[in-house]
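Some notes on the structure that comes next.
The values are calculated or read from the model by the stated rules, or taken from the named source; none is laboratory data. Keep in mind that what you see is a predicted model, and the values were worked out from it rather than measured. Cβ placement follows ideal geometry from the backbone for every residue including glycine, while neighbour counts extend to all protein chains displayed.
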Amino acid sequence: MTPLITVVHEVAGFQLASFRDRDGNPSVINETEARIGRIADGLRQCDRVQWARADVALDDVTRLADEVHAPGYLAFLRTTSTRSESVIDTQFVAPGVLPDTPVTSGAYAAALRACASAVTAAQIVTGGERYAYALCRPPGHHAGHAFLGGYCYLNNAAVAALALQRAGMRVGVLDVDYHHGNGTADILVRHPDVPFVSLHASTLQAFPYVDTSPAVAQHRFVGFDAPPSDEAYLHQLDAHLGHFANVDALVVSLGYDLIEGDPHGGWQMQPAFFGVLASRLAALRVPLVVVQEGGYALGQLAACARSLAEGLT
Ligand code: SP5
Ligand code: ZN
């Protein structure tokens, strides 16, 4: 029997504010609720998908967020999110990274609910299921210990990893979004027992537009200077999956922004690529907690998600 995939689906009801960049041009917002709708449409086409709502006390989620993020950063987020005007902050950004993520009214509440989805997915896996997929929005992998960025406020993947650890599982994190999981790396530096692998477009050519290299031995970064062929990408993936040899569960930060035509991407993968990627992960024979990160090509998202689900055998 091929295993079920439980998808945790909440509607964030949150909208990122546009702001003027340094040249005075209004920023274009591709990170929208419609993305999640399209992804859900694709997942619905897989008959092994079943649906769940986030089912965890927000106090418990808050406690996990308190462990992942700095108190001062969380205080800033909580306070600023209650204001009606949105704030582009320059204090809580990663070193050298331009502020790009306004704290809009309701941002913290929405981010906490995204964490709740990720924690619910983690609990589904600790309960014995093989695959859980949290349709998190806003995304999380650019949120660090004390910084936001790239539409991320709270790090859903890190919170899920911590939840799995609390249940006694050895856990690793794999980030396959187009962009480097710089926030996750920043957080996991403090967790030497969690192996972390990120494959991404060169961080000099794509967000966060700063040089990155692993700060600790348990982190592996593969930055592609040019768009990789499917084979080149999978070769690097295969070369690094051994890093997860000793885990009981894997958190996968998943972005569909590898796809041709993604407004924040630059690669040429086709939807079927996610099926191949998923079968590589399925072959690890460990439970997966998939956490939604980026992916902005609205017309392609359903096909990408369907392909991914079909590959999780
Ligand atoms: C979670 C995630 O995928 N965050 C990505 C943040 C990327 N922000 C980039 C903003 C710059 C907009 N320029 C787009 C032009 C690309 N051709
Ligand atoms: Zn991305």
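Contact annotation: residue pairs with Cβ atoms under 6 Å, 6 or more positions apart or on different chains, pairing a residue in the range 290-310 that is closer than 20 Å to residue 16 by Cα and assigned to a helix (DSSP H, G or I) with a partner that is at pLDDT 95 or above and of a type in the set (Ser, Thr, Tyr), are 301/256. In this structure, does residue 54 turn out to be under 19 Å from the mean Cα position of the chain (by Cα) and either over 20 Å from residue 291 (Cβ atoms) or among the hydrophobic types (A, V, I, L, M, F, W, C) (or both)? Taking the combined requirement at face value, the residue satisfies it. Residues in the range 16-35 that are surrounded by fewer than 16 Cβ atoms within 10 Å (Cβ to Cβ) and either of a type in the set (Phe, Trp, Tyr) or away from ligand 2 (no atom under 16 Å from the Cβ) (or both): 18, 20, 21, 22, 23, 24, 25, 26, 33, 34.
From the list 134, 109, 118, the lone residue that is under 30 Å from residue 169 (Cβ atoms) and surrounded by fewer than 23 Cβ atoms within 10 Å (Cβ to Cβ) is 109. Of all residues in the range 144-156, none satisfies being more than 16 Å from ligand 2 (Cβ to nearest atom) and not in a loop (DSSP other than H, G, I, E, B). Being surrounded by fewer than 24 Cβ atoms within 10 Å (Cβ to Cβ) and either modelled with pLDDT of 95 or more or within 22 Å of residue 133 (Cα to Cα) (or both) is a property that residue 305 lacks. Against the test of being under 24 Å from residue 93 (Cα atoms), under 13 Å from the mean Cα position of the chain (by Cα) and in contact (Cβ under 8 Å) with a residue 12 or more places away in the chain, the options 200, 191, 264 yield a single qualifying residue, 200. Taking residues in the range 223-248 that are under 23 Å from residue 209 (Cβ atoms), and partners anywhere that are β-branched (Val, Ile, Thr) and in a loop (DSSP other than H, G, I, E, B), the pairs with Cβ atoms closer than 7 Å and at least 6 places apart or on different chains are 223/203. The residue pairs whose first member lies in the range 116-131 and is under 15 Å from residue 50 (Cα atoms) and free of Cβ contacts under 8 Å to residues at least 40 places away in the same chain, whose second member is among the charged types (D, E, K, R) and outside any strand (DSSP E or B), and whose beta carbons are closer than 7 Å, counting only pairs six or more residues apart or on different chains, do not exist in this structure. Restricting attention to the range 275-293, the residues that are more than 15 Å from ligand 1 (Cβ to nearest atom) and either closer than 18 Å to residue 233 by Cβ or not hydrophobic (A, V, I, L, M, F, W, C) (or both) add up to 12. Return yes or no: is residue 226 assigned to a loop (DSSP other than H, G, I, E, B), away from ligand 2 (no atom under 14 Å from the Cβ) and hydrophobic (A, V, I, L, M, F, W, C)? So residue 226 passes the test.
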